[in-house]
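Here's the structure, in structure tokens; my notes come after.
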Amino acid sequence: MTRETRSLPALLGWFEQAASDPRAQLEAALARGEKAVGCLPYFAPEELIHAMGMRPFGLWGAQGLSSSLSARYFPPFYCSLARLSLELALRGGLRGLCAVTGTLLCDTLRPLSQNWAAALPELPFLPLACPQQRREPFALPYYRSQLEKLARRLKALGGRPLTLEALEASLRLYNSSRAARRQFVALAGQHPAQISPLARCQVLKAALFAPAEEYLPRLTALNQELTALPARRPALPVVVSGILCDSPDLLRAFESAGLTVAADDLAMESRSFRVDAPPDADPLQSLARRFCAQGADPLLYDPDPGLRPRHVAELVGRSGARGLVLVLQQFCDVEEMEWPALKAELDRRGIPSLVIGADQETADWGQAATRLEAFAEELG
Amino acid sequence: MDSFSLSARQSLLEFGAQASRLAWDAKKRGEPVGWMSTKFPAEIPAALGLVTCCPESQAAALASAGQGGPLCQAADGLGFCADLCSYSRIGLALAAGCQQEGPRIPLPDFLLCCNNICCNMLQWYQNLARTLHIPLFLLDIPYTAQDEPDGELIEYLRRQFYSLTRQLAAFAGRPWREEDFRRACRGALASARAWQEVGRLLEDPLCPWDGMELFDYMPVLVSRRCEAETAGLLEELGRQLAALPPSPAPARARLMLEGTPCWPHLRQILEPLRRAGIQITADTITPSLGFFYRDLEGMLRAYCGTINGSTLTKGLESRRQLCRQRGVDGILIHLNRGCRPWSGVLPQLGRDLSGEGWAVVSFDGDQADPGGFAQAPYATRVQGLLEMLEERKEAQP
Ligand code: SF4
Ligand code: SF4
């Protein structure tokens, strides 16, 4: 990277571009002769795909689309992430992918896997079953066997044979990327003047589409730039929780209300890079251990039912946030079911909270903006 | 003599109703009472003599008795979003002590959860464990999107089974005894066989009773299928039903009801069908409580094959088979808003079934929240179905 491309605006411009034009990233991968695999939420084993010489390509619904072709498959009230992922594929927006893979951890993803297979036989859906008893010793061999099954299917689609060396290298690369993203999250919270909520989201979202090899050096450079700048305590830091919060208009509304994101508890952001693959002589075991080490996530079972509310409340405390905003995806039973318990824990600790209903089809965020302003006033 | 006045019917209904009395008695004796999801292997608590109730059955019963609305509203008041599964919302409201009227089940001292029908089950039960501060015993049967469970899944389940039974035995303060487990399995298998035979009576074109009656016996299958006397009662029901005088003529048409019944409005739903001389001879739910197996591995496999645990391909195959066996002409699909895993595949499933020649219509509703159903659109759908059935009849040579 030259000095120029290392400058803060140039770096942020690169992330913005990568985050807002996934198709361009996909085209670039195809032009390099790579095979690309769509990764539906959640916990996609990107390292495995990468180690097989394929390009993991994030597939978290689609901004700016509305359901028409997918309405044949899902009732209109269904979660927009599922509807619009399918919509994007049905409209040809995923042309060039050789497969999609996804875990089946919620009741929307189950039918999505089935509708996908029915609607798009030419774009195979490779399911990855995940054990919920992650703390039990027998979960590891099971999950590992599912990773092996996925690897076999990827190989049949043209992936390179999985070697230990390649997987080790991919684990190292992705661990570094995760560490850099965690560092960025901390830095972003201290540099509200340079990193708006929208820019923060774009930097993190770019990791879904850009090659990890290109993403990591840029993020490292961005982190260095930010580290060199004086830190400033933001006026109204909040934690954003939910599945995702990537609508530019909504993020601008955060900014207009004077709210900064001190930390997030979003599935698309921090929840996806909280846990690294641990050192292990067997890299596939390491990847399996990474999944099993996850916790305090609404999609996952924790033997201690109090862990999740405690984790969220402590995140607010640790990050210095003054409150929490839950961006609740419409019809997301996972988040809806746990919210009363989270709210009770937040209330018990005197942490103010706000729920904003969201949908990837939402075009008008005016009401959300008003509520964010009122929340900011309450915090102020 | 009709099916409603059979002595075997009364005995079974009484036997089913006893389940909650037994739970209350256990509670009074100071024994722990569990809440168990419908498709948890009931053989496990039965082997340990643990008393359980099923909040889904309770929610269905309360919804039929007009309590779905107030309880769903109570769940709203607790902060649970109105588009969550209404069985779960009712269960959460019951756990919070919001029930005002209707029959009651005791609050649980432990939870037995199996996510083989939906992921929501685990979310729901975790929530109950969190708010009631009681232990949750989980049998995790992940959805795999595969037609058959693979060997690794069975191994995962087998090891969970050993761990779970050890933990539950410690909780119950009783030893886990293989002979008790085998006895529970024998009971469950005998019940499943007898239940299947009762259902098969509907294959007869002159069967004089309606398949919806089978739902009346579901509480028995859910809560008491492992008990020694259950099979005998079901066999007696089968005998008495088979001895009823046949209908003078076949029904005008035979329907399959797809999906959980819309309990709060069941009368309005069935009334226009009855008026049109239509008989319901098949449904997806009632056969789903017959688990057949030979050994532990077979049992674990059987519990993987639930309705919502299956693929679309397998689901289509089982419906096709059922519709053929039961001489079904048309299919009425309840697009049950609260049940995501089910409603998410119904449009495609309906198309597939219609592609195979059945008259298919669907209507919007909810299994327990009365707000999900509207009479006028339903009437239009039923009218459409009747016309389709008529056209097909005319087109027949
Ligand atoms: S947003 Fe919620 S309902 Fe939709 S796919 Fe994610 S977890 Fe499932
Ligand atoms: S109705 Fe559907 S979502 Fe609710 S408990 Fe049953 S299977 Fe799960």
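The values are calculated or read from the model by the stated rules, or taken from the named source; none is laboratory data. All figures in this text were calculated on a predicted structure; none of them were measured in a lab. Heads up, the Cβs are rebuilt from the backbone with ideal geometry, glycines too, and the neighbour counts pull from every protein chain shown. Heads up: the accessible areas ignore ligands, DNA and RNA and are worked out on the full protein's heavy atoms, side chains in. Shrake-Rupley method; radii C 1.70, N 1.55, O 1.52, S 1.80 Å.
Counting only residues 5 or more places away or on other chains, whose amide H sits under 5 Å from the amide H of A:ALA99 once H atoms are built in the peptide plane?
Close amide H contacts, sequence-distant or interchain: A:GLY38.
Convex hull volume of the Cα atoms in chain B, per residue, in Å³? Intermediate results must be reported in sequence, preceding the final value.
Numbers: hull volume 53.9 nm³, N = 397.
So the per-residue Cα hull volume is 136 Å³.
Between B:GLU297 and A:LYS155, what is the FRET efficiency for a Förster distance of 30 Å, r being their Cβ-Cβ separation, to the nearest 0.05? Show your work: numbers first, answer last.
On the way: r = 29 Å, r/R0 = 0.98.
Efficiency at R0 = 30 Å is approximately 0.55.
Quick one: if you take sqrt(5λ) for each eigenvalue of the C-alpha gyration tensor of region B:69-124, what semi-axes come out, biggest first, whole angstrom?
Details: eigenvalues 71, 47, 16 Å².
The answer is 19, 15, 9 Å, longest axis first.
Any chance you could look up the accessible area of B:SER5 with a 1.4 Å probe, heavy atoms only, rounded to 10 Å²?
B:SER5 exposes around 60 Å² with every protein chain in place.
Taking B:LYS314 as the anchor, which lysines have their alpha carbon closer than 19 Å to its alpha carbon, excluding any fewer than eight residues away along the same chain?
B:LYS39
How many Cβ atoms of partner chains, on average, are near each residue of B:121-132 if near means within 10 Å of its Cβ?
Values: counts 1, 6, 11, 2, 2, 10, 5, 1, 4, 12, 4, 1.
Per residue, the average neighbour count from other chains is 5.
Threshold 20 Å², probe 1.4 Å: give the residues of region A:140-160, in number order, that are less accessible with all protein chains present than with their chain alone.
Flagged in region A:140-160: A:TYR142, A:SER145, A:LYS149.
Quick one: give the max-minus-min coordinate of the C-alpha atoms of region A:73-171 along each principal axis, largest first, in Å.
Rounded to whole Å, the extents work out to 43, 33, 20 Å.
For a quick check, take a GNM of chain A with Cα springs below 10 Å and name the residue from A:ALA186, A:ALA118, A:ALA262 with the largest mean-square fluctuation.
A:ALA118
Would you check the accessible area of B:LEU153, probe 1.4 Å, heavy atoms only, in square angstrom rounded to 10?
Number for this one is 0 Å².
If you look at just the Cα atoms of chain A, how large are its Rg and its Dmax in Å?
20.0, 57
Taking the Cβ-Cβ separation of A:THR163 and A:ASP304 as r and a Förster radius of 45 Å, what is the calculated FRET efficiency to the nearest 0.05?
Numbers: r = 38 Å, r/R0 = 0.85.
So the FRET efficiency works out to roughly 0.70.
In the P(r) worked out for region B:334-397, what percent of Cα pairs fall beyond 21 Å? Please report the intermediate quantities before stating the final value.
Working: 649 of 2016 pairs.
I get 32 percent for the Cα pairs in region B:334-397 exceeding 21 Å.
Measure nothing but the geometry: give the 0 to 90° angle between the long axis through the Cα atoms of B:68-77 and the longest principal axis through the Cα atoms of chain B, rounded to 10°.
50
Given the alpha-carbon gyration tensor of region B:1-67, what are the semi-axes of its equivalent ellipsoid in whole angstrom, ordered largest first, with each equal to the square root of 5 times an eigenvalue?
Values: eigenvalues 120, 47, 34 Å².
Result for region B:1-67: semi-axes of 24, 15, 13 Å.
Pick out which of A:PHE74, A:PHE138, A:PHE331 has the largest mean-square fluctuation in a Gaussian network model of chain A, springs linking Cα atoms closer than 10 Å.
Highest fluctuation of the listed residues: A:PHE138.
If I model region A:116-228 as equal point scatterers sitting on the Cα atoms and use the Debye formula, what is log10 I(q)/I(0) at q = 0.14, 0.22 Å⁻¹?
With no solvent term, the Cα-only Debye profile gives -0.84, -1.15.
Sticking to Cα atoms, compute the Rg of region B:283-397 to one decimal and its Dmax as the biggest Cα-Cα distance, whole number, in Å.
In order Rg, Dmax, the Cα atoms of region B:283-397 give 16.1, 51 Å.
Once amide H atoms are built 1.01 Å from N in the peptide plane, which residues 5 or more positions from A:VAL355, or in another chain, come under 5 Å H to H?
Amide H neighbours of A:VAL355, under 5 Å, 5+ apart: A:LEU326.
Per the Cauchy relation, a quarter of the hull surface: what is the mean projected area of the convex hull of the alpha carbons in region B:163-219, in nm²? Can you show the working numbers first?
Values: hull surface 21.8 nm².
Result: 5.4 nm².
Roughly what angle does helix A:197-209 make with the longest principal axis of chain A, taking Cα atoms, 0 to 90 degrees, to the nearest 10?
0
Using only alpha carbon positions, build the gyration tensor of the protein assembly as shown, then give the equivalent ellipsoid semi-axes as the square roots of 5 times its eigenvalues, largest first, whole angstrom. Each step should come with its number before you reach the end.
Details: eigenvalues 443, 159, 138 Å².
Taking √(5λ) for each eigenvalue gives 47, 28, 26 Å, largest first.
Where nothing but the Cβ of Lys and Arg (+1) and of Asp and Glu (-1) is charged, how large is the charge dipole of region A:244-380 around its Cα centre, in debye to the nearest 20? List each step's numbers first, then the result.
Details: 13 positive and 25 negative charges, 103 e Å.
Approximately 500 debye in magnitude.
On C-alpha positions alone, give me the angle between the axis of helix B:346-355 and the longest principal axis of chain B, in degrees, nearest 10.
Compared with the principal axis, the helix lies near 40 degrees.
Compute the relative contact order of chain B as a whole-number percentage, counting only Cα pairs closer than 8 Å that sit 6 or more residues apart in sequence. Provide the component values of the computation, followed by the final result.
Details: 646 pairs, mean separation 79.0, N = 397.
The value is 20 percent.
To the nearest whole percent, what portion of all C-alpha pairs in region A:230-339 is separated by more than 16 angstrom? Could the numbers behind the result be given before it?
Values: 3867 of 5995 pairs.
That tail contains 65 percent of the Cα-Cα pairs.
For A:TRP60, which sequence-distant residues (separation of 5 or more, or a different chain) have an amide H within less than 5 Å of its own amide H, given hydrogens modelled in the peptide plane?
Close amide H contacts, sequence-distant or interchain: none at all.
Residues of region A:25-40 with amide nitrogen under 19 Å from the 7 Å Cα-to-Cβ point of A:ARG95?
A:25-38
Mind computing the radius of gyration and Dmax over the alpha-carbon atoms of region A:1-104? Å is fine for both.
In Å, with Rg to one decimal and Dmax whole: 15.6, 52.
Is there a quick way to get the dipole size of chain B? I mean about its Cα centre, with the Cβ of Lys and Arg at +1 and of Asp and Glu at -1; what is the value in debye to the nearest 20? Numbers along the way, then the final one.
Details: 40 positive and 45 negative charges, 117 e Å.
About 560 debye.
Can you return the lysines within cross-link range of A:LYS35? Criterion is Cα-Cα under 17 Å, with same-chain partners fewer than 8 residues away left out.
A:LYS155
Across region A:136-141, in residue order, what do the Karplus-derived ³J(HN,Hα) couplings come to in whole Hz, using 6.51 cos²θ - 1.76 cosθ + 1.60 with θ = phi - 60° and x for Gly and Pro?
Working through the residues one at a time gives 8, x, 7, 6, 4, x Hz.
Just A:ARG308, A:ARG91, A:ARG32 to compare: in a GNM of chain A, with alpha carbon springs under 10 Å, which one fluctuates most?
A:ARG32
How long, wide and thick is region B:223-268, going by the Cα atoms along their three principal axes, in whole angstroms, largest first?
Principal-axis extents of the Cα atoms in region B:223-268, largest first: 38, 32, 16 Å.
Got a sec? Which residues in region A:34-60 would a label at B:ASP150 touch, if it sits 7 Å along Cα→Cβ and we count backbone N under 16 Å?
Inside the label zone: A:45, A:48-49.
With viscosity set to 0.890 mPa s and temperature to 25 °C, compute the Stokes-Einstein D of region B:244-292, Rh being the Kirkwood radius across alpha carbon pairs; µm²/s, no decimals.
196
Relative to a virtual label point 7 Å from the Cα of B:CYS98 in the Cα→beta-carbon direction, which members of region B:47-81 show backbone nitrogen distances below 12 Å?
Counting only backbone N, you get B:68-81.
Per-residue mean of other chain beta-carbon atoms within 10 angstrom of the beta-carbon, peptide B:344-352? Before the final figure, lay out the partial values.
On the way: counts 16, 9, 4, 8, 9, 3, 0, 3, 1.
The mean count of partner-chain Cβ atoms within 10 Å per residue comes to 6.
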